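J.: Quick one: the structure is below, questions incoming.
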């Protein structure tokens, strides 16, 4: 089993590659449009700013294929900034257009909490359709979706109020947290996403 | 609710963990990959590797250590030591670091923090700061080059400035307490946590979970320790159990 990992400029690609390898998935790091279009599994990572991530995607001419994959529900795992770039826009980079697959805007955490949010926080998956069980996941973010866009299932986490920690539809799973850094819980999530397995009831 | 973090730190030289007191008198403290695996299993929330070698051969060895640790690890890894510019940071990220810590180079050229955060994101940039008590009460001075250079820079002002320049987190080490096991410098933690909004990792002086509890109460978001974990005096599991029973939210 192989997964294409989109090269979105500088990112913690080595950690994603290591996590995929531990899940017996061969990582192929690329920004080749045809490879990304054809990939059985696609990982859209991202650290860095909204503007730099979007620029990397547009410069490589990948916006169309990523939008098409997500709209048609093909197996795609978006991580952190990868999730945020699916939005229309972000407070982080005013005036920069996102991929616009999600009808939502990304906003900064409110005053009163430390930013960035660094560390492990609880992801509550109350929905029957959740592709993971509730657990602790590792976050490193200053921006987030305050509410879920229409047409998507969501899990929530609390940091100065509830925010969207994951969205899913079809075989698209978009996480605000880093499954590749979330220990055995995160590796289980990646395995299930890759093999389209359902979460067995406890 | 965001949990408080417990972070083992490995000072690495020549592919081995070393540990000293006030950055001197180094002794061998084990294999980094073996220790990293053990710490993750014990429930460590992150790991920090500080490369304390001074030569370019040492740097190459450190990159190999980072890659080997990353292959075995599924929690976040921060790496620092000798990061002078973007190319050094990139090499560490490509080897498997998730965050890069900068120390002396940022003091000498503060705009480095901005250069890094613009290219890799604020959440990737950790300002590591070694500080020593000043003669004035509740005042601390930044020291560099393993504690050998007193910079005259006020630690609290430097923290605020670094946050504005792009640091996403502060790894705050008390040089006075490093390796002494006398407990963290609580006045320092308290003062810094009031001045900055980015998370603070307390470092230097931990001997027990009671010290860590004090650090969290003083305003730390995470606690870092080396000697007590490397020497096997306690485990991350035991520490987190004690913290939880004292009412601190930790990941179980």
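We did not get these values from a lab; they are worked out from the coordinates using the rules stated. The shown structure was predicted, so the numbers you read here are calculated from the model rather than taken from an experiment. When we count neighbours, we look across all protein chains shown, and the Cβ atoms used for this are built from the backbone with ideal geometry, even at glycine.
J.: What relative contact order, as a whole-number percentage, does the stretch A:4-152 give when Cα pairs under 8 Å and 6 or more residues apart are counted?
T.: Relative contact order, the stretch A:4-152: 18 percent.
J.: Could I ask something else about it? Along each of the three principal axes of the Cα atoms of the stretch B:65-186, give the extent in whole Å, ordering the values from largest to smallest.
T.: 45, 32, 22
J.: Contact order normalised by length for the stretch B:1-145, with contacts defined as Cα pairs under 8 Å and 6 or more residues apart; what percent is it?
T.: 17
J.: Residues of the stretch B:117-143 with the amide nitrogen closer than 16 Å to a label point 7 Å from the Cα of residue B:150, along Cα-to-Cβ, please.
T.: Inside the label zone: B:130-143.
J.: Restricting to DSSP H runs of at least four residues, report the calculated mean residue ellipticity at 222 nm for the protein assembly as shown, -39500 (n - 2.57) per run over all residues, nearest 500 deg cm²/dmol.
T.: Only helices count here, giving -9500 deg cm²/dmol.
J.: What number in nm² do you get for the stretch B:18-118 if you take the convex hull of its Cα atoms and divide its surface by four?
T.: 7.0
J.: Could you work out how much longer the chain between residue B:31 and residue B:245 gets when fully extended? Use 0.36 nm per residue separation minus the Cα distance between them, nm to one decimal.
T.: Value of the extension gain: 73.9 nm.
J.: While we're here: Could you check the simple spin-label distance between residue A:113 and residue A:24, using points 7 Å along Cα→Cβ, in nm with one decimal?
T.: 3.7
J.: Given a Förster radius of 35 Å and the C-beta distance between residue B:108 and residue A:91 as r, what FRET efficiency does 1/(1 + (r/R0)^6) yield to the nearest 0.05?
T.: Calculated value: 0.60.
J.: Subtracting the Cα-Cα distance from 0.36 nm times the residue separation, let me have the gained length for residue B:237 to residue B:57 in nm, one decimal.
T.: Extending this stretch completely gives an extra 61.2 nm.
J.: Another question about this same structure. On average over all directions, what projected area in square nanometres does chain B have, based on the convex hull of its Cα atoms?
T.: Hull-based average projected area comes out at 12.0 nm².
J.: Highest mean first, how do A:129-139, A:151-161, B:196-206 rank when packing is the count of other Cβ atoms within 10 Å averaged over residues?
T.: B:196-206, A:129-139, A:151-161
J.: Sticking with the crude label model, points 7 Å out along Cα→Cβ, report the distance from residue B:64 to residue B:139 in nm, one decimal please.
T.: For residue B:64 paired with residue B:139, the spin-label model returns 4.8 nm.
J.: Here's another thing I want to ask about it. Could you list log10 I(q)/I(0) for the protein assembly as shown at q = 0.08, 0.13 Å⁻¹, which the Debye formula gives when each Cα is one point scatterer?
T.: -0.42, -1.15
J.: Below 8 Å between Cα atoms, with a sequence gap of 6+, how large is the relative contact order for the stretch A:103-202 in percent?
T.: Relative contact order, the stretch A:103-202: 26 percent.
J.: Compute the Rg to Rh ratio over the stretch A:11-140 from the alpha carbon atoms, using the Kirkwood formula for Rh, and round to two decimal places.
T.: Ratio value, two decimals: 0.96.
J.: Here's something else I'd like to know. Per the Kirkwood treatment, what hydrodynamic radius in Å, one decimal, follows for the stretch B:56-105 from the mean inverse distance over all distinct Cα pairs?
T.: 10.8
J.: Now for a different question. What residue among B:107, B:125, B:137 has the largest mean-square fluctuation in a Gaussian network model of chain B, using Cα springs under 10 Å?
T.: Looking only at B:107, B:125, B:137, the biggest GNM fluctuation is shown by B:137.
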